[in-house]
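The values are calculated or read from the model by the stated rules, or taken from the named source; none is laboratory data. In this text the structure is predicted, and so the values were computed from the model without any measurement. Note that each Cβ is placed from the backbone with ideal geometry, even for glycine, and that neighbours are counted across all protein chains shown. Each accessible area value is taken on the protein alone, full model and side chains, heavy atoms only, with ligands, DNA and RNA left out. Shrake-Rupley method; radii C 1.70, N 1.55, O 1.52, S 1.80 Å.
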Amino acid sequence: MDKLRQVIGNKPYFIWTSNIDHHFALAEFDHLLEVEGNWQTGICSKHPKEHPLVDLKSTLHEIYKKDQTGTLTEDDLPTCATCGEKLSLNIPGPVFSMDQTQVNGFENLLNNYQDKKILVLELGIGPQNRMIKAPSMQLVAGNKSSRYITINKGQLNIPSVIADRSISFSSTIIEAFNALISGKGEVETQGPAKPAPQLSPEDQQRQEKIFKNFYPSYSVNKGYRPGELVMYTTIDHEHPSHLHMVKYGKSLMYSYGDPVNVHYFTQDGHYHLVKLGLNKDNDEVHGFYVEPNTFIAMESVKRATGFSQISVTLPSSSSNEILIPKKEQLKKMFPQQQALIERLLADN
């Protein structure tokens, strides 16, 4: 914590964490969002939304002391001062509630700094983490003035969309902090990568025309998260989307209309059929995440409405390139789906 304070210096900062140990607050970092709460805060078990959160640090210390002396009784269980019901720990569960003061602080950070020079410093987050890592990378992807540093020994994951503005430390956090502070140290680093080539306006227009072959009807709106665009695509029974590679991981969410079949081909030779819709009895899911470097195509299941609408989340700084697999190679990889590939793969 002392080294982190040295790295931050006197610059504005905000910490978001999935840890529930409350250590950042105990170390007197006050700009904080604990997205899964913490075990030193109580919440009313009967009225979690109506009654305020309770600081339990002193109460828990007294419980610990009584437990050590063998004098702990059920009367020592903490209760809500408003209604007298038992308190639960405010961590993910039936009555969990995020601290709205912390949430407001995080929203203020985004409003004030998302288009300014910012550094996202990621400390020991798993490479596939969706709760902390994904929105952090989205924040950087949407702001060309931002930079990203990740520290995680042996488990690094930087997507190509921000690779030219990112450095990875495969080391312990303290080793990386010492190197950042002193400018010295034998630590393994990666990056930044060379910037990806930018499309010319003419190439972008050409891509737009190609894009319409893959999604006959679509519109793009500014996303509700930093660095994110949402593409709303409408698919009817006569115009399925064509098979193409997903360069960036993205979420597909069903909006309305008929159910949708999503054909999903992975690089390691697996084919999946995922049904998007609102009927769980028919094994339809409302949305799911598509991993990068997989091939997908969507088609509406012909029913009463005649069309489907799906929202597709994209990084706002993505190149929008359409990556089309070669038909014969794809058929060799998936011999059981040759007819499907023939039907859904663009000829040119």
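A few points about this structure:
- Pairwise centroid distance, computed over Cα atoms, of region 172-216 with region 76-144, Å: 26 Å
- Helix axis angle, 173-182 relative to the chain longest principal axis, alpha carbon, degrees: 90 degrees
- Of the chymotrypsin sites (Phe, Trp or Tyr not before Pro) found in region 28-96, those in coil by DSSP whose Cβ has at most 16 other Cβ atoms within 10 Å are Trp39, Phe96.
- Translational diffusion of the chain, estimated by Stokes-Einstein from the Kirkwood radius over alpha carbon pairs at 37 °C in a medium of 0.692 mPa s, is 138 µm² per second.
- Greater than 21 Å apart at Cα, pairs in Lys302/Lys331; Lys212/Lys250; Lys250/Lys331; Lys280/Lys302: Lys302/Lys331; Lys250/Lys331
- Note on Lys65: lysines with a C-alpha under 23 Å away, same-chain residues under 8 apart excluded, are Lys57, Lys86.
- Debye, to nearest 20: dipole size of region 239-336, +1 on Lys, Arg Cβ, -1 on Asp, Glu Cβ: 240 debye
- Each of Asn152, Pro259, Val140 was placed along the dipole of the chain (beta-carbon charges, centred on the mean Cα), and the one lying farthest toward the positive end is Val140.
- Partner aspartates and glutamates for Lys46 [C-alpha distance under 20 Å; skip if fewer than 8 residues away on the same chain]: Glu36, Asp55, Glu74, Asp75, Asp76, Glu85, Asp99
- Comparing Ala81, Gln190, Phe214 along the charge dipole axis of the chain, the residue lying farthest to the positive side is Phe214, per the Cβ-charge model.
- Over the chain, accessible surface divided per residue gives 58 Å², non-protein components excluded, 1.4 Å probe.
- Cα gyration tensor category, rounded, prolate or oblate, for region 1-159 with a/c compared to 1.5: prolate
- Pairs beyond 20 Å (Cα-Cα), from Lys11/Lys153; Lys116/Lys144; Lys153/Lys184: Lys11/Lys153
- Charges were assigned to the Cβ only: +1 to each Lys and Arg, -1 to each Asp and Glu. The resulting dipole of region 144-293 about its Cα centre is roughly 600 debye.
- Solvent exposure of His61, expressed as accessible area, is near 100 Å², computed with a probe of 1.4 Å over the protein chains only.
- Across the chain, C-alpha contacts under 8 Å between residues 6 or more apart give a mean separation that, scaled by the residue count, equals a relative contact order of 12 percent.
- Overall, the chain carries a charge dipole of about 1060 debye about its Cα centre when +1 sits on the Cβ of Lys and Arg and -1 on the Cβ of Asp and Glu, all other atoms neutral.
- Computed in the context of the full set of protein chains, the accessible area of the chain at 1.4 Å probe radius has 50% of its extent on carbon or sulfur.
- In region 72-124, GluC sites (Glu not before Pro) in a DSSP loop with at most 15 other beta-carbon atoms within 10 Å: Glu85
- Low-density loop cleavage sites - trypsin sites (Lys or Arg not before Pro) in region 5-55, where at most 11 other Cβ are within 10 Å (DSSP): Lys49
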